[in-house]
Amino acid sequence: MIKFYRFALSGHSHRVELFLSLLGLPFEPIDVDLLGGEQRGAAFLALNRFGQVPVIQDGDVTLADANAILVYLAARHGAEHWAPRDPAKAAQVQRWLSVAAGQVAYGPCAARLVTVFKMSFHADEVIARAHALFAVMEDELAERPFLTGDEPTIADIANHTYIAHAPEGNVSLDPYPNLRAWLARVEALPGFVAMPRTAIGLAA
């Protein structure tokens, strides 16, 4: 049984929960009280010195960082299409994992942090970053059903949640039909589970 340390409204946590569900892996969810500061306590810092969720414990393996966990789960428990071994295909997956850690984190994720958690990002700036990213993705998703090709990979899992919840951060998805169709394809995968939605921003 995989132990999964999470926070329910964290998109990073949801990436891992979604992939665990898609793989059909049993897990024990352990909620971490981020608002109460549990992530800064000695017990949690022993799991992840950065004091961040998610963290998993799979037997004798303890691993933090959402994207790293996706890579691990795909390699240990998933079919090859989730993390292809072909060098060119693997590089394409890595490209989108980098986008998830970069443009998504500092675009739609940051915009949502402003409204949901009252973080002090400049709203106009991060919303503009989100739209710049979505314009690129809109063009790329006109060429293929998933981010790297005809089958879903961990790249799709890593990027899905914060984009699906972008309206909570006042980022509209209406101008991007290809992007919305991609979200729908991910959400149609057997085993898909959604992150709880917050009625705030454009989602109010």
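The values are calculated or read from the model by the stated rules, or taken from the named source; none is laboratory data. Worth saying up front: this structure is predicted, and the values here are computed from it rather than measured. Ideal geometry is used to build each Cβ from the backbone, glycine not excepted, and the neighbour counts take in all protein chains shown. Areas reflect the complete protein model, heavy atoms only, side chains present, ligands, DNA and RNA absent. Shrake-Rupley method; radii C 1.70, N 1.55, O 1.52, S 1.80 Å.
Whether any residue in region 185-198 is of a type in the set (D, E), farther than 18 Å from Y106 by Cβ and in a loop (DSSP other than H, G, I, E, B) is what I want to check.
No, region 185-198 contains no residue that is of a type in the set (D, E), farther than 18 Å from Y106 by Cβ and in a loop (DSSP other than H, G, I, E, B).
Can you name every residue in region 145-181 that is farther than 17 Å from H14 by Cβ and in a helix (DSSP H, G or I)?
Within region 145-181, P177, N178, L179, R180, A181 meet the criteria.
So, in region 1-28, how many residues would count as being open to solvent by 30 Å² or more (accessible area, probe 1.4 Å), closer than 19 Å to A43 by Cα and among the aliphatic types (A, V, I, L, M)?
Within region 1-28, residues that are open to solvent by 30 Å² or more (accessible area, probe 1.4 Å), closer than 19 Å to A43 by Cα and among the aliphatic types (A, V, I, L, M) number 0.
Filter region 118-128 down to the residues that are without any contact (Cβ under 8 Å) to a residue 40 or more places away in the chain and part of a helix (DSSP H, G or I), then identify the one that is least open to solvent (accessible area, probe 1.4 Å).
Step by step, filter region 118-128, then rank; the result is A128.
So which residues in region 29-44 are small (G, A, S) and either open to solvent by less than 80 Å² (accessible area, probe 1.4 Å) or under 22 Å from the mean Cα position of the chain (by Cα) (or both), if there are any at all?
Residues satisfying the conditions are G36, G37, G41.
Considering only region 155-204, state which residues are of a type in the set (A, V, I, L, M, F, W, C), touching a residue at least 60 places away in the same chain (Cβ under 8 Å) and crowded, with 19+ Cβ neighbours inside 10 Å.
Scanning region 155-204 gives A155, I157, A158, V171, M195.
Taking region 15-67, which residues are among the acidic types (D, E), over 23 Å from H165 (Cα atoms) and assigned to a loop (DSSP other than H, G, I, E, B)?
Scanning region 15-67 gives a single hit, D60.
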